[in-house]
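J.: Shown below is the structure under consideration.
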Amino acid sequence: MSVILYSLVKSVVKTGLYGYHKKIIISGLEHIPKDKPVMFLPNHQSALIDVLLIATDCNRKPYFLTRSDVFKGKLLKRMFSYFQMLPIYRMRDGRDTLSNNDAIFNSCAEILNRGEALLLFPEANHSLKRSVRPLSKGFTRILFRTFEMYPELDVQLIPVGFNYKHAAHFPDEVALCYGKPISARSLYDQSDLNTSVITIKNVVTTSLENLTTHIPSNEDYNAVLNKLKAEKVNFLNPTSVNEKIKMLTGQGLDCSIQPVPEKQGFNMFKWIFTFLNLPLVLIWKLWLKSKVPEDEFMGTFRFAFAMISYPIYMALLFAVIAILFAPYIAVIGICILTLINVGLVKYGL
């Protein structure tokens, strides 16, 4: 039953993600080993959306390292445990909680020894900035603990590049690029752990910089980004964008270049979408949107709101139409409305 429930939830979330996004492009799935221990190491831009996109389409059933402050109450702990989420403790959770990570690292080592997959974000934070940020050594600590406990084990590191067109907007487009596996064992030197940390982080960083748009964080960042937007580059293709960045960074760009304002002309399809879903649009814009703490969470909040509110909205419409007319008319109406909404998201908005 648990396997059926997990598969059902995964299918529902995956359907929601593909309905929410205008386009989702996934490449490099062939690089993911099916029978070896794997550690997914993506860059982190859009909070929970990043996790869900990997979990529903990576062809593995990964465990997730999750910030410990979400594990509040017995019910949430049971739910998160069911979906293979493990708490990771940070300094902000209190210095006395850091010792709990020791047991978590042991659990991660056991998971990898069973040949399973682990997902964690090596940047240890999220940001919409189009750069790969310095990696934390947390994932190397898990690797080294694994090698201490299981000296013969190798772990395949899979860098994953997230490439959003505009993560805070709706509907958005995103490309996930899975990199080639990196043998962690080949980069590990038990006699020189400090060098091993640096080597592993450098190799993963280089791979991530090729899998996602990477504008070096220097004084030219804004000028380069504005130039890329002005030329309307395809942020879903990191290879071509990074080649363009190399050209631009060698041109001595004017740092005073201002952002190119996006045109907000009349969009008939947007008005149709708003009219058809007016109650939900009003609740989002007048109440919930202002409660989003930062842009990195915008997609997560909006997606969660849509997943919860849209089925309720459809059920209420069904009840009203069925009472006023007939159940079969309600079924037809709801199906037509759903198809129109999907079509607007994919081709109109």
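The values are calculated or read from the model by the stated rules, or taken from the named source; none is laboratory data. Predicted model only: the values in this text are computed from it and were never measured. Counting neighbours? That spans all protein chains shown, and the Cβs are built from the backbone with ideal geometry, glycine included. Accessible surface is based on the protein model in full, side chains and every heavy atom, while ligands, DNA and RNA are left aside. Shrake-Rupley method; radii C 1.70, N 1.55, O 1.52, S 1.80 Å.
J.: From Ala184, Ala223, grab the single residue that is open to solvent by less than 50 Å² (accessible area, probe 1.4 Å), of a type in the set (A, V, I, L, M) and closer than 18 Å to Asp154 by Cβ.
T.: Ala184
J.: What are the residues in segment 6-18 that are open to solvent by less than 80 Å² (accessible area, probe 1.4 Å) and either under 15 Å from Ile308 (Cβ atoms) or of a type in the set (A, V, I, L, M) (or both), if any?
T.: Val9, Val12, Val13, Gly16, Leu17
J.: So, of the residues in segment 19-63 that are open to solvent by less than 40 Å² (accessible area, probe 1.4 Å) and β-branched (Val, Ile, Thr), which turns out to be farthest from Pro293 (Cα to Cα)?
T.: Across segment 19-63, the extreme among qualifying residues is Ile32.
J.: Could you check how many residues of segment 291-307 are within 16 Å of Asn341 (Cβ to Cβ) and hydrophobic (A, V, I, L, M, F, W, C)?
T.: Taking segment 291-307 and keeping what is within 16 Å of Asn341 (Cβ to Cβ), we get 302-303, 305-307.
So of that shortlist, the ones also hydrophobic (A, V, I, L, M, F, W, C) come out as 303, 305-307.
Total satisfying the criteria: 4.
J.: Considering Asn234, Asn218, Asn242, which residue is in a helix (DSSP H, G or I) and either modelled with pLDDT of 95 or more or surrounded by fewer than 20 Cβ atoms within 10 Å (Cβ to Cβ) (or both)?
T.: Step by step, each of Asn234, Asn218, Asn242 is checked, and only Asn242 is in a helix (DSSP H, G or I) and either modelled with pLDDT of 95 or more or surrounded by fewer than 20 Cβ atoms within 10 Å (Cβ to Cβ) (or both).
Residues checked against (1) in contact (Cβ under 8 Å) with a residue 40 or more places away in the chain; (2) open to solvent by 70 Å² or more (accessible area, probe 1.4 Å):
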| position | (1), (2) |
| --- | --- |
| Val292 | no, no |
| Phe297 | yes, no |
| Ser309 | no, no |
| Leu316 | no, yes |
| Ala326 | no, no |
| Ile334 | no, no |
| Gly343 | no, no |
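J.: Could you tell me whether any residue of segment 188-196 is β-branched (Val, Ile, Thr), touching a helix residue (DSSP H, G or I) at 6+ places or on another chain (Cβ under 7 Å) and either surrounded by fewer than 21 Cβ atoms within 10 Å (Cβ to Cβ) or outside any loop (DSSP other than H, G, I, E, B) (or both)?
T.: Scanning segment 188-196, I find no residue that is β-branched (Val, Ile, Thr), touching a helix residue (DSSP H, G or I) at 6+ places or on another chain (Cβ under 7 Å) and either surrounded by fewer than 21 Cβ atoms within 10 Å (Cβ to Cβ) or outside any loop (DSSP other than H, G, I, E, B) (or both), so the answer is no.
J.: Cβ contacts < 8 Å: first residue open to solvent by 20 Å² or more (accessible area, probe 1.4 Å) and in a helix (DSSP H, G or I), restricted to segment 134-153; second residue modelled with pLDDT of 95 or more and among the acidic types (Asp, Glu), any location; separation 6+ or different chain. Result?
T.: Met149/Glu110
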